[in-house]
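Values quoted throughout were computed directly from the atomic coordinates according to the rules given, and no laboratory measurement underlies them. Keep in mind that this is a model prediction, so the values were computed, not measured. In this analysis, Cβ positions are derived from the backbone assuming ideal geometry, glycine residues included, and neighbour counts consider all displayed protein chains.
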Amino acid sequence: RKEVEQDPGPFNVPEGATVAFNCTYSNSASQSFFWYRQDCRKEPKLLMSVYSSGNEDGRFTAQLNRASQYISLLIRDSKLSDSATYLCVVLLYTDKLIFGTGTRLQVFP
Amino acid sequence: GAVVSQHPSWVICKSGTSVKIECRSLDFQATTMFWYRQFPKQSLMLMATSNEGSKATYEQGVEKDKFLINHASLTLSTLTVTSAHPEDSSFYICSANGGRTDSPLHFGNGTRLTVT
């Protein structure tokens, strides 16, 4: 079983749609959680950190459930420019980062 | 904000040759840098942790004699792929902690290595 699991997708959604990504992690020594965005053949870029209280940044909302070891990302009012791969990332207490394989999103007109 | 520069962005080399990839922290000092590898449609996998002034720490399954890491200064780490083979073709990315609590790492722009 992978330490960080994501649905690989792809998720094909029309502009304006709301889309949700899920992620589960198995390592109980997980300290912090993040969502990164990776465009094709580019380096990952931080989208947002994920907190237990839930956090929102514009059209993006992230949630963390430590009891269920579950992380989510909600994107509202999808734009064409949101098309990318979204990586669920877990930082362990050992300072090691574990990446999920990513969920690919394709927003179409 | 903190920036990590990686060079070259892409390289094509013949089997058996060595390739050096540089990773620089441009506006901060990085005592630790990380090297990742990403094969197509797979997640980033940590290869090694580069420590300034000391030996790198390699992840299980990564050959230290094949992937030589040098971290001679607080702003530069290099990864040398020695005697490259086609199966070493991959996307290599370095990263460093920019000191911000809201972002664990800043990534270089990656190096796409193709070994023919």
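Quick notes on this structure:
- Gain in span if fully extended, B:Leu68 to B:Trp10, counting 0.36 nm per residue against the direct Cα distance: 19.0 nm
- Dipole axis of the protein assembly as shown (+1 Lys, Arg; -1 Asp, Glu on Cβ), positive-most option in A:Phe108, B:Trp35, B:Leu79: B:Leu79
- Debye, to nearest 20: dipole size of segment B:1-68, +1 on Lys, Arg Cβ, -1 on Asp, Glu Cβ: 260 debye
- Relative contact order, percent, chain B [alpha-carbon distance under 8 Å, six or more residues apart]: 37 percent
- Local electrostatic count, B:Phe107, Cβ distance below 10 Å [Lys/Arg +1, Asp/Glu -1]: +1
- Computed from the C-beta positions of A:Asp77 and A:Lys42, the FRET efficiency with R₀ = 25 Å rounds to 0.60.
- Unpartnered cysteines - no second Cys beta carbon under 4.7 Å - across the protein assembly as shown: A:Cys40, B:Cys13
- Given A:Lys45/A:Lys79; A:Lys42/A:Lys96; B:Lys20/B:Lys55; A:Lys79/B:Lys20, the pairs whose alpha carbons are separated by over 28 Å: A:Lys79/B:Lys20
- Paramagnetic reach from A:Ala17 in segment A:94-109 [backbone N under 17 Å; point 7 Å along Cα→Cβ]: A:103-109
- Averaged over peptide A:93-99, the number of partner chain Cβ atoms lying within 10 Å of each residue's Cβ comes to 4.
- If you plug the beta carbon distance of A:Gln69 and B:Asn109 into 1/(1 + (r/R0)^6) with R0 = 30 Å, you get a FRET efficiency near 0.40.
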